[in-house]
Amino acid sequence: MAKEFVKDITSMDEDFAQWYTDVVTKADLIDYSSVRGSMIIRPYGYALWDNIKNELDNRIKETGHENVYMPLFIPESLLQKEKDHVEGFAPEVAIVTHGGSEELTERLVVRPTSEVLFCEHYKNIIHSYRDLPKLYNQWANVVRWEKTTRPFLRTLEFLWQEGHTCHATDEDAHEETTRMLNVYADICENILAIPVVKGRKTEKEKFAGAKFTYTIESLMHDGKALQSGTSHHLGTGFAEAFGIQYTDQEGKLQHVHQTSWGFTTRIIGALIMVHGDDRGLVIPPKAAPTQVMIVPIAQHKEGVLDFAYDLKESLSKVARVGIDASDKKPGWKFNEYEMKGIPVRLEVGPKDIENKQVVLVRRDTLEKVVVPMDQLESKLVELLDDIQSNLYNKALKHREERTSVVLNFDEFKSTLETKGGFIKSMWCGDVACEEKIKEETSATSRCMPFDYEQLSDTCVCCGGKAEKMVYWAKAY
Ligand SMILES: [Zn+2]
């Protein structure tokens, strides 16, 4: 393709932030709204979210959960019931003070997350061990008053699901925390082709009010990390604050053990920054709203459009297929669907029809193949599979190339500056070291991975005895 077709996207190497902004707007994912930090998710962006949502919702239901809906507003006093929780969220809550022209007797918080609403409800409906477990999930919007915002990555309002569960024992809650983290990892790796590191957050980085937080972390093209999903073991802290108790089989009153877990529209930001290139989006086939776009060539010639529509119909059995039969030039269409990251373009013109073949162009490598009509269905399925795994492998290779083992603080700073990416190192466990690293390098601890490696015996920051291994990175 000629270079002039892509001139309106800033190149990634020149200015990654601008590239990102160009892609989200020019690929028609979003538009800005008149409210600072809020975005309009356009049909193409929403179709992408719908696919992710459906895949996740199926898995949430397959693991025994039920969907519910909680109110948007939280009485301020309710949010204040769990001390750590309110401290964690206070700086970013939006508060309703008036209803119509009347000042409210109690201010209402617009939900930043719904733990306290679930807790209040659970207190009312859980009485006996027979009521457990309670496995609820809700799909909703939440509001967090962020100072700096970027489409998908950080917006005042975003869409997500939040799971909230109650269990009889600590082990059951722990199992649930792990189970849902694995569901998130499965969505990332097998649908979105984004490799993740699974691990546990440090005390400093865990969810406000949780016993501990599990996370999946992924690495973007520019070497910055992105937290891609979190699952929290809440222990009995919320249950104690809200009085959620059940009578066990011996007739004794016990507090429930809770979890919560969330996955958001942020993941679309990750998808863009892991797979995108200078031509725009690259969407893995399993997540793509349209997997194949048919572009008829010389469509004014007799029979071409009919042939193209017949193709669309027959291929729809094996893939999500679109067709652009508008009077725009093929070159414009090629550029447009490359920008939108559609995995495969199918070109068909009079000569192809005569020769009983079509041309398939894959978005990830831009390779062209001529495919005989009688092999088209099977070749197409193969091609989509190949694109899916190629994107995953490419992202994994990138992450591996940009993951460094670092043993001392000087090397930490220089590696972060020259190479970026993930830094694996040992840590003594002292929050002072974690804070010093953040202050001096702006890297944060991403997680203590489940796959532990004993890299050395000493803390990368203070040189003291260290038994914890941490992934560090600058992060979105
Ligand atoms: Zn230390």
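For 442, 101, give the ranking by accessible area with the largest first, probe 1.4 Å. Let's see the in-between values first.
Values: 442 65, 101 115 Å².
Correct descending sequence by accessible area is 101, 442.
List the trypsin sites (Lys or Arg not before Pro) within the stretch 27-100 that fall in a DSSP loop (any state other than H, G, I, E or B) and whose Cβ has at most 14 other Cβ atoms within 10 Å. Before the final figure, lay out the partial values.
Numbers: sites: 36, 53, 59, 61, 81, 83; in loops: 36, 81.
Sparse-neighbourhood loop trypsin sites (Lys or Arg not before Pro): 36.
Not counting ligands, DNA or RNA, and with a 1.4 Å probe, what is residue 85's accessible surface area in Å² rounded to the nearest 10?
Using a 1.4 Å probe on the heavy atoms, I get roughly 0 Å².
Treating only the Cβ atoms of Lys and Arg (+1) and Asp and Glu (-1) as charged, compute the dipole magnitude of the chain about its Cα centre; round to the nearest 20 debye.
Numbers: 59 positive and 75 negative charges, 113 e Å.
The dipole magnitude comes to about 540 debye.
In the stretch 269-361, what GluC sites (Glu not before Pro) fall in a loop by DSSP, with at most 12 other Cβ atoms inside 10 Å?
Details: sites: 302, 313, 336, 338, 347, 354; in loops: 302.
Passing sites in the stretch 269-361 are 302.
Averaged per residue, what accessible surface does the chain expose to a 1.4 Å probe, in Å²?
Values: 21140 Å² over 476 residues.
Value for the chain: 44 Å² per residue.
Tell me, what are the semi-axes, in whole angstrom and largest first, of the equivalent ellipsoid of the chain as set by the roots of 5 times the Cα gyration tensor eigenvalues? Let's see the in-between values first.
Details: eigenvalues 376, 158, 97 Å².
Gyration-tensor ellipsoid for the chain: 43, 28, 22 Å.
Go through 57, 8 and list them by solvent-accessible area, largest first, probe radius 1.4 Å.
Working: 57 20, 8 75 Å².
The ranking, largest first, comes out as 8, 57.
Treating only the Cβ atoms of Lys and Arg (+1) and Asp and Glu (-1) as charged, compute the dipole magnitude of the stretch 375-442 about its Cα centre; round to the nearest 20 debye.
Numbers: 10 positive and 14 negative charges, 28 e Å.
I would put it at about 140 debye.
When the accessible area of the stretch 365-476 is split by element with a 1.4 Å probe, what percent falls to carbon and sulfur? Intermediate results must be reported in sequence, preceding the final value.
On the way: 2820 of 5850 Å².
Looking at the stretch 365-476 in its full context, I get 48 percent from C and S.
Pairs 204/394; 83/123; 53/436; 328/397; 328/394; 83/436: which are spaced more than 28 Å apart, C-alpha to C-alpha?
Numbers: 204/394 32 Å; 83/123 18 Å; 53/436 39 Å; 328/397 38 Å; 328/394 33 Å; 83/436 26 Å.
Long pairs (Cα-Cα over 28 Å): 204/394; 53/436; 328/397; 328/394.
Using a probe of 1.4 angstrom, how much of the accessible area of the stretch 277-319 is carbon and sulfur, in percent?
Numbers: 940 of 1940 Å².
So the carbon and sulfur contribution to the accessible surface is 48 percent.
State the extension gain, in nm to one decimal, for the chain segment bounded by residue 390 and residue 147, taking 0.36 nm per residue of separation less the distance between their alpha-carbons. Write down the numbers at each step before the final one.
Details: separation 243, 0.36 × 243 = 87.48 nm, distance 3.73 nm.
Length gained, residue 390 through residue 147: 83.7 nm.
Counting only C-alpha contacts under 8 Å and six or more residues apart, can you give the relative contact order of the stretch 173-259 as a whole percent? Provide the component values of the computation, followed by the final result.
Working: 139 pairs, mean separation 22.5, N = 87.
It comes to 26 percent, rounded to a whole number.
Could you give the angle, 0 to 90 degrees to the nearest 10, between helix 431-441's Cα long axis and the longest principal axis of the Cα atoms of the chain?
40
Can you sort 300, 257 by solvent-accessible area, 1.4 Å probe, largest first? Walk me through the intermediate numbers first.
Working: 300 155, 257 35 Å².
From most accessible down to least: 300, 257.
Can you give the FRET efficiency to the nearest 0.05 for residue 454 and residue 38, using r as the Cβ-Cβ distance and R₀ = 60 Å?
On the way: r = 46 Å, r/R0 = 0.77.
Efficiency, rounded to the nearest 0.05: 0.80.
Roughly to the nearest percent, how much of the accessible area of the stretch 175-233 is carbon and sulfur, given a 1.4 Å probe? Let's see the in-between values first.
Details: 600 of 1510 Å².
Of the solvent-accessible surface of the stretch 175-233, carbon and sulfur hold 39 percent.
Specify the angular offset, from 0 to 90 degrees and rounded to the nearest 10, of the alpha carbon long axis of helix 115-125 from the longest principal axis of the alpha carbons in the chain.
70
The values are calculated or read from the model by the stated rules, or taken from the named source; none is laboratory data. All figures in this text were calculated on a predicted structure; none of them were measured in a lab. No Cβ is skipped: glycine too gets one built from the backbone with ideal geometry, and neighbour counts run over all protein chains shown. These accessible areas exclude ligands, DNA and RNA; they are computed on the full protein's heavy atoms, side chains included. Shrake-Rupley method; radii C 1.70, N 1.55, O 1.52, S 1.80 Å.
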